[in-house]
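Report on one structure; see the data block that follows.
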Amino acid sequence: MLLRDIAHSRAGDKGDISNISVIAYRQEDYALLARELTAERVRAHFAGVVHGEVARYELPHLGALNFVMRSALGGGVTRSLALDAHGKSLSGAMLDLELDEK
């Protein structure tokens, strides 16, 4: 199952920091998100793109996780030569994560 099957995301960026929230469509899927989407796994998913720390913040009452990824935008949206590498593109890539349903 892909993450996008059970959740949607919102994203923002400031400077060289990308902020991605993953929100479960159904509250009962939050436990699966919390188990599968560790900061380490997200950092590995974005290897080569995110060069800094990935911090995860839990929002269980909203059924959401928030990831703050540092050194994620090639120096910042206005300084990077990368095309379309800001937050919304990264949130789309986040939803391609494969989840273990066990």
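The values are calculated or read from the model by the stated rules, or taken from the named source; none is laboratory data. In this text the structure is predicted, and so the values were computed from the model without any measurement. Don't worry about glycine lacking a Cβ; one is built from the backbone with ideal geometry, like all the others, and counts go over all protein chains shown. With ligands, DNA and RNA removed, areas are computed over all heavy atoms of the protein, side chains included. Shrake-Rupley method; radii C 1.70, N 1.55, O 1.52, S 1.80 Å.
Taking only the range 15-35 into account, find how many residues are small (Gly, Ala, Ser), in contact (Cβ under 8 Å) with a residue 24 or more places away in the chain and either part of a helix (DSSP H, G or I) or buried (at least 16 other Cβ atoms within 10 Å of the Cβ) (or both).
Counting residues in the range 15-35 that are small (Gly, Ala, Ser), in contact (Cβ under 8 Å) with a residue 24 or more places away in the chain and either part of a helix (DSSP H, G or I) or buried (at least 16 other Cβ atoms within 10 Å of the Cβ) (or both) gives 4.
Would you check which residues across the range 36-57 are in contact with a helix residue (DSSP H, G or I) (Cβ under 9 Å, 6 or more places away or on another chain), under 16 Å from Glu98 (Cβ atoms) and open to solvent by 60 Å² or more (accessible area, probe 1.4 Å) and list them?
Correct list: His45 only.
So His86 passes all but one of these: (1) touching a strand residue (DSSP E or B) at 6+ places or on another chain (Cβ under 6 Å); (2) open to solvent by 70 Å² or more (accessible area, probe 1.4 Å); (3) at pLDDT below 95. Which condition number does it fail?
Exception for His86: condition (2).
Scanning for something in contact with a Gly (Cβ under 6 Å, 6 or more places away or on another chain) and at pLDDT 95 or above, does the range 10-22 turn up at least one residue?
Looking through the range 10-22, none of the residues is in contact with a Gly (Cβ under 6 Å, 6 or more places away or on another chain) and at pLDDT 95 or above.
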